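The values are calculated or read from the model by the stated rules, or taken from the named source; none is laboratory data. Being a predicted model, the structure only gives us computed values, none of them experimental. For neighbour counting, all protein chains shown are included, and Cβ atoms are generated from backbone atoms with ideal geometry for every residue, glycine included.
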Amino acid sequence: MAIIVNLDVMMAKRKMSLNQLSEKVGLTLSNLSILKTGKAKAIRFSTLDAICNVLDCQPGDILEYVNDEQNKTSR
């Protein structure tokens, strides 16, 4: 199972920097950076809610599921 984080895509669409998002969401730069790079192991619903609110998007715009078989064949 692989969850792909497309936070950088949504930030680019909204022309928002990591610093701006950090200030508006109330998360540290390091925590947002971990999420943005896909290194996060989990995300709280309250964090996802705040990000979606600021970026005016749906959770599915940020998170994408790719199963292991698709992931192996795409390499």
Please work out which one of (1) part of a helix (DSSP H, G or I); (2) in contact (Cβ under 8 Å) with a residue 40 or more places away in the chain is the condition N53 fails and give its number. (2)
For segment 27-44, give me each residue that is more than 12 Å from the chain's Cα centre (by Cα) and either among the acidic types (D, E) or part of a helix (DSSP H, G or I) (or both). L29, S30
List pairs: first in segment 17-29 and closer than 10 Å to A50 by Cα, second assigned to a helix (DSSP H, G or I), Cβ under 6 Å, 6+ apart or cross-chain? K24/V54; V25/A50; V25/I51; V25/V54
When you go through S17, S22 one by one, which is the residue that is more than 25 Å from V66 (Cβ to Cβ), buried (at least 16 other Cβ atoms within 10 Å of the Cβ) and of a type outside the set (D, E, K, R)? S22
From the residues in segment 30-75 that are among the hydrophobic types (A, V, I, L, M, F, W, C), at pLDDT below 95 and loosely packed, with under 14 Cβ neighbours inside 10 Å, which one is farthest from M11 (Cα to Cα)? V66
